[in-house]
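Chemist: Have a look at this one before I ask anything.
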Amino acid sequence: VGEQVLLKCSFKSSSPITERLMVDWTYRPLPSGHMETIFHYQSVPYPATMGKFKGRISWVGNIAGGDASIAIQSPTMSDNGTFICSVKNPPDV
């Protein structure tokens, strides 16, 4: 709580990495709740513009290195939940 947390996500693709590569991070609060997209990347990062993570997510990944990680600033216990990283590099998913 209070310190930046790193959410790591690594990937490998059999297809060349192009500008079509997309990363989506979703979040579902515990114990169960509505799933929401909190971060999107396609050539450039698109952090959440609304919701509980607005202004608190930063891109720390390196697509060329197979890294799609993000960081969350000032986490609280209410941020507890399931975070899912999804990487699509057409035609590879």
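Chemist: Net charge near residue 42: determine it from the other residues with C-beta under 11 Å of the C-beta of residue 42, scoring Lys and Arg +1 and Asp and Glu -1. Could the numbers behind the result be given before it?
Modeler: Details: positive: 20, 88; negative: 19, 24.
Value of the local net charge: 0.
Chemist: Counting only protein heavy atoms and using a 1.4 Å probe, what share of the accessible area of the chain belongs to carbon plus sulfur, as a whole percent? Can you show the working numbers first?
Modeler: Numbers: 3200 of 5710 Å².
After summing per-atom areas, the C and S share lands at 56 percent.
Chemist: For the chain, state what percent of all Cα-Cα pairs lands in each successive 10 Å bin, counting from 0 Å until the bin that includes the largest distance.
Modeler: With a bin width of 10 Å, the distribution comes to 16, 50, 27, 7.
Chemist: I want the local charge near residue 27. Using Cβ-Cβ distances under 10 Å, sum +1 for each Lys or Arg and -1 for each Asp or Glu among the other residues. If you can, show how the numbers build up before the last one.
Modeler: On the way: positive: 28, 52; negative: 36, 79.
The answer is 0.
Chemist: Hey, what do the phi angles of the stretch 34-39 turn into as Karplus ³J(HN,Hα) couplings, whole Hz, using 6.51/-1.76/1.60 and θ = phi - 60°, x for Gly and Pro?
Modeler: 6, 6, 9, 7, 10, 7
Chemist: What does the charge count near residue 61 come to, summing +1 for each Lys or Arg and -1 for each Asp or Glu among other residues with Cβ under 10 Å from its Cβ? Kindly include the intermediate steps, with their values, before the conclusion.
Modeler: Values: positive: 8; negative: 67.
With Lys, Arg at +1 and Asp, Glu at -1, the neighbours total 0.
The values are calculated or read from the model by the stated rules, or taken from the named source; none is laboratory data. Quick caveat: nothing in here was measured; it's all calculated off a predicted structure. Cβ sites come from the backbone with ideal geometry, for glycine too, and all protein chains shown count toward neighbours. Areas reflect the complete protein model, heavy atoms only, side chains present, ligands, DNA and RNA absent. Shrake-Rupley method; radii C 1.70, N 1.55, O 1.52, S 1.80 Å.
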